[in-house]
Amino acid sequence: MEELQYEKYPKESFQPHSIVVLMHGIGADAFDLIPLAKYWSTKLNKTQFYSLNAPFFYALGPSGRQWFSLEDRDQTRILSEIDHIKPMIINFLEKKLSDSKLIFENLVLVGFSQGTMVALNIGLSINKKIKGILGYSGGIILTKSGKITINSKPNICLIHGIDDDIVPKKMMETTKVILKENNFLVETHLIQNLGHSINNQGMEIGEKFLVKYLVK
């Protein structure tokens with residue numbers, strides 16, 4: 001099985017109490033979300049952060065990576081591509097948790113945009129109890145019949161810019177409704193004057209979520 005490449009923060013080896021795995025947006029790479037790890041590590045100093053490189057080259061640009069293709073918006077195809085990369089991601093999570101003598105309840109997935117979509121679809125369908133999912137500017141990819149596969153119910157925090165014209169806030173709002181209907185513990189935040197990005201307010205909200213569930 002192909003192994004995913006990644007960057008980690010901090011670089012020094014230590015015995016973490018928890019792990020946060022970050023998944024970037026389309027056209028970016030593992031370095032893109034490392035600033036989040038550096039910001040959060042001040043209060044989460046017993047957390048090891050891993051920022052993953054998506055497994056595929058970005059098809060619509062000269063650089064960057066992608067988790068799945070955006071050649072069209074066909075949900076069946078996108079879900080099939082997420083299923084294809086799911087074993088690689090789970091293998092990575094299991095290995096890093098095992099190396100640190102931790103379990104899935106010590107893990108939070110963090111995503112931005114396409115990374116959020118992957119984190120949610122994998123985090124809900126995996127037959128493990130993940131502590132939480134923190135998602136920026138994204139939401140769940142549904143089947144054409146509007147269904148999702150649920151094998152786990154992590155705590156969820158979704159953050160979205162009101163002015164996002166790449167992934168409209170409606171995707172987060174629809175995801176919230178579906179999660180509430182399925183009895184998830186979910187919090188959502190719409191940030192004024194923010195497009196398709198993460199600002200200081202979003203980082204602070206994310207930090208509070210991570211501290212709440214990972215700092216003991």
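Every number here is computed from the coordinates shown, using simple stated rules; none is lab data. Here the structure is a predicted model, which is why all the values come from computation and not from measurement. Don't worry about glycine lacking a Cβ; one is built from the backbone with ideal geometry, like all the others, and counts go over all protein chains shown.
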Quiz item: Nearest 20 debye, what's the magnitude of the dipole of the chain about its Cα centre given +1 on Lys and Arg Cβ and -1 on Asp and Glu Cβ?
Solution: 840
Quiz item: For the range 93-216, how big is the tail of P(r) above 24 Å, as a whole percent of Cα pairs?
Solution: 24
Quiz item: Would you list MET203, MET171 from fewest to most Cβ contacts within 10 Å?
Solution: MET203, MET171
Practice problem: Restricting things to alpha carbons, tell me how big the range 1-120 is in terms of Rg and Dmax, in Å. | Solution: 14.4, 43
Quiz item: Amide H neighbours of VAL110 under 5 Å, counting only residues 5+ apart in sequence or on other chains, H built in-plane at 1.01 Å?
Solution: VAL21, LEU22, MET23, LEU134
Practice problem: Bin all alpha-carbon pair distances of the range 41-101 at 5 Å intervals from 0 and give each bin's fraction as a whole percent. | Solution: 4, 15, 18, 18, 16, 12, 9, 6, 1
Quiz prompt | Lys/Arg +1, Asp/Glu -1 at C-beta; the range 6-214 dipole; positive extreme among LEU22, ASN182, ILE122 | solution = ASN182
Quiz item: Given R₀ = 41 Å, FRET efficiency for VAL211-ILE166 by Cβ-Cβ distance, to 0.05?
Solution: 0.90
Exercise. Determine the shape class of the range 1-52: with a ≥ b ≥ c the square roots of the Cα gyration tensor eigenvalues, call it rounded for a/c under 1.5, and otherwise prolate if a/b is greater than b/c, oblate otherwise.
Key: oblate
Quiz item: Based on Cβ point charges of +1 for Lys and Arg and -1 for Asp and Glu, what charge dipole magnitude is obtained for the range 100-163 about its Cα centre, in debye rounded to the nearest 20?
Solution: 320
Exercise. Could you calculate the FRET efficiency of LEU70 with LYS144 from 1/(1 + (r/R0)^6), where r is the beta carbon distance between them and R0 is 22 Å, rounded to 0.05?
Key: 0.80
Quiz item: Given GLY132, GLN66, PHE112, which one lies farthest toward the positive end of the charge dipole of the chain, if we put +1 on the Cβ of every Lys and Arg and -1 on the Cβ of every Asp and Glu?
Solution: GLY132
Exercise. Please work out how much length the chain gains when fully extended from GLU187 to ASP99, using 0.36 nm per residue of separation minus the C-alpha to C-alpha distance, in nm with one decimal.
Key: 28.6 nm
Quiz item: Rounded, prolate or oblate: which one fits the range 6-214, using the alpha carbon gyration tensor with axes a ≥ b ≥ c (rounded when a/c is under 1.5, else prolate when a/b beats b/c, else oblate)?
Solution: rounded
Self-check item: the range 79-100 versus the range 129-180: alpha-carbon centroid distance in Å
Solution: 20
